[in-house]
């Protein structure tokens, strides 16, 4: 079967052909490219349970979910800073040093599993982790629940949202996850380009994208979240040297072969989520691109190539969630007192 | 000269008198009471420099003003929690224990001086303190300035706001103070009552206010901020026993007589700013009222009296500032890296 372009050629004059071809190309760019590209644009969040989201937003900012009364979800996934803390590894209870770079919460609902090593299947399961982790919020689920049950404003709100009088850790994490699901960042310039606005990125940024595709970065960083949909070995063609003790997926599976297998991080908002890698050892995008090229692709990018890819990566910053700081319901006289220095 | 009531009595029938007296009482309550009461309502903030406020809001939430890159102004004056941290004393750099209870930032522009011991004359001077305090943000003014100067988004914004290319610690603290000046909380139920809405507080709350006035609390907690306009000795008629080493005003003046002289804290939003006193040793409003009665007024309030005063204090919660979480301009490759664990 002949292509439509061939049929056009056989029927029309050359001048007519050029006009038609141009129209066909433009039309094809608009209609076909979103399917053709290995990266897909994302849409704004669809909020199914606004009351659950509002409750989850309070919990997100509430340091009373930590032993100290000082650390909230937002401490390490700061929504003023790309949903991360911009530190190599995080600061936890009593200033303990976290073991791994805090991944951004932005677009985390698009990840196929949660945590760098994928040990949580979804956001509610993930949210159970930091509350009880002794080097993070260092609380227990029981004490977190007891605390919220002592706060009349929360008791009322949980009752309304979950139509139950229980107030459980499952309800807490469901609410937090509902809030997190709203933290998507649509309308990145690159998304606009994907949707057909060819002026949304400039020539250098487009070169960077073409190189990103052509050199193989896109093999792992693809899909809606430009990552977040597979485990891959850090140091594929050249071993990665780090003082960080994280083993990656091996810590979950117990298999030596999974050592240094990590969930590929999203590249959305990557200009905001420095420093990079699970150990936070790449301080800049330029360093991260250089290291990835050498270790994963056996490729040394030239300074110009590196700059082009970095320029492309900076087009991935989307609209940041607009958050009105919630007012937290005050503790009651019965609320257990935080004792951060004990 | 006869009072108007006497003149009314001599002219009209008894039934007419009662009607007129009622009208006169209502009219007097509406017109005269705002002047007559020792507490005045507050008005919403008048924003003179909205661009300066917007810059100050970013700085307020920016942990890059701290050595660690983790602690911001909002860490200890949390605008989700009444502008305080709800801890006895605060957590600072490397989890160091602060020496004094974090006072609320809400309505702090109405205080006659800043800090518990009044060592700063105004908000810009106050804001210099925590940045450089080794047990708080533990930075230096020089390093804070260097950090902001390395961030292109801040450089542009300071230039626009201050019409200068310097970017100094004075500009930083002026911007933070401009933001803080917006953090007033009008429309407390008690303010509505002061303005003439006699339904704004209930009978118990009114009894509490009358006792608050009649027993002498109002001698120190008066004016627009219901405090914040004088130094007073903690433990006036009975010594205050505490393990907290703060000396109060004596640390500024060097005079023994000023020992335990503290700035009287505001009672606005006091239901949100627990725990109480400079050492945070009063966990509840009830405890605080009991201690104040005994130590300052030589008065042991009955449980009913205590409950009435607490009910009144809970009418002092005003409209909390509506804050849209600011997006912080990202660091550049030249921004000094925070090293929280060194």
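Here are the numbers for this structure:
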item	result
Output for the stretch B:236-250, where each listed residue is surrounded by 15 or more Cβ atoms within 10 Å (Cβ to Cβ) and either in contact with a helix residue (DSSP H, G or I) (Cβ under 7 Å, 6 or more places away or on another chain) or closer than 19 Å to residue B:120 by Cβ (or both)	B:236, B:240, B:246, B:247, B:248, B:249, B:250
Filtered residues of the stretch B:95-111 (kept if touching a residue at least 60 places away in the same chain (Cβ under 8 Å) and outside any loop (DSSP other than H, G, I, E, B))	B:108, B:109, B:110
Index of the failed condition, residue A:128 passing every other in (1) outside any loop (DSSP other than H, G, I, E, B); (2) crowded, with 21+ Cβ neighbours inside 10 Å; (3) more than 9 Å from chain B (Cβ to nearest Cβ)	(2)
Residue check, residue B:212 under 30 Å from residue B:186 (Cβ atoms) and assigned to a helix (DSSP H, G or I)	yes
Test: residue in the stretch B:178-189 that is in contact with a strand residue (DSSP E or B) (Cβ under 8 Å, 6 or more places away or on another chain), within 30 Å of residue B:276 (Cβ to Cβ) and crowded, with 16+ Cβ neighbours inside 10 Å	no
Residue check for residue A:201: crowded, with 16+ Cβ neighbours inside 10 Å, on the phi < 0 side of the Ramachandran plot and assigned by TED's automatic domain parsing to the domain that holds residue A:113	no
Identity of the residue in the stretch A:54-63, in a helix (DSSP H, G or I) and within 20 Å of residue B:73 (Cβ to Cβ), that ends up farthest from the other protein chains (Cβ to nearest Cβ)	A:60
Unique match (being touching a helix residue (DSSP H, G or I) at 6+ places or on another chain (Cβ under 9 Å) and either more than 30 Å from residue A:309 (Cα to Cα) or without any contact (Cβ under 8 Å) to a residue 40 or more places away in the chain (or both)) among A:200, A:127, A:188	A:127
Scan of the stretch B:158-170 for residues that are surrounded by fewer than 22 Cβ atoms within 10 Å (Cβ to Cβ) and in a helix (DSSP H, G or I), ordered by number	B:159, B:160, B:161, B:162, B:169, B:170
Options A:263, A:195, A:213, A:255: the member that is at pLDDT 95 or above, out of contact with any helix residue (DSSP H, G or I) (no Cβ under 9 Å at 6 or more places or on another chain) and surrounded by fewer than 16 Cβ atoms within 10 Å (Cβ to Cβ)	A:255
Search result, residues across the stretch A:131-157 that are outside any helix (DSSP H, G or I), in contact (Cβ under 8 Å) with a residue 60 or more places away in the chain and farther than 16 Å from residue A:56 by Cα	A:136, A:137, A:138, A:139, A:150
Residue that is surrounded by the most Cβ atoms within 10 Å (Cβ to Cβ), among those in the stretch B:68-78 that are more than 8 Å from chain A (Cβ to nearest Cβ) and part of a loop (DSSP other than H, G, I, E, B)	B:71
Residue satisfying condition, being free of Cβ contacts under 8 Å to residues at least 60 places away in the same chain and either touching a strand residue (DSSP E or B) at 6+ places or on another chain (Cβ under 9 Å) or surrounded by fewer than 19 Cβ atoms within 10 Å (Cβ to Cβ) (or both), within set A:273, A:284	A:284
Single condition residue A:205 does not satisfy, out of (1) within 27 Å of residue A:84 (Cα to Cα); (2) part of a loop (DSSP other than H, G, I, E, B)	(2)
Hits in the stretch A:112-124 - residues which are outside any strand (DSSP E or B) and either within 15 Å of the chain's Cα centre (by Cα) or free of Cβ contacts under 8 Å to residues at least 12 places away in the same chain (or both)	A:112, A:113, A:115, A:116, A:117, A:118, A:121, A:122, A:123
Selection count where residues are free of Cβ contacts under 8 Å to residues at least 60 places away in the same chain and away from every other protein chain (no Cβ under 14 Å), scope the stretch A:239-249	4
Residue match in the stretch B:278-285 (condition: away from every other protein chain (no Cβ under 14 Å) and either modelled with pLDDT of 95 or more or more than 21 Å from the chain's Cα centre (by Cα) (or both))	yes
Residue ID - nearest to residue B:54 (Cα to Cα), chosen from residues in the stretch B:299-342 that are more than 10 Å from every other protein chain (Cβ to nearest Cβ) and free of Cβ contacts under 8 Å to residues at least 24 places away in the same chain	B:342
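The rows are residues; the columns are (1) surrounded by 24 or more Cβ atoms within 10 Å (Cβ to Cβ); (2) at the interface with chain A (Cβ under 8 Å from one of its Cβ atoms); (3) at pLDDT 95 or above.
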{"site": "B:66", "(1), (2), (3)": "yes, no, yes"}
{"site": "B:80", "(1), (2), (3)": "no, yes, yes"}
{"site": "B:87", "(1), (2), (3)": "yes, yes, yes"}
{"site": "B:100", "(1), (2), (3)": "no, no, yes"}
{"site": "B:103", "(1), (2), (3)": "no, no, yes"}
{"site": "B:108", "(1), (2), (3)": "no, no, yes"}
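The values are calculated or read from the model by the stated rules, or taken from the named source; none is laboratory data. Worth saying up front: this structure is predicted, and the values here are computed from it rather than measured. Using ideal geometry, Cβ is built from the backbone for each residue, glycine included, and neighbour counts are taken over all protein chains shown.
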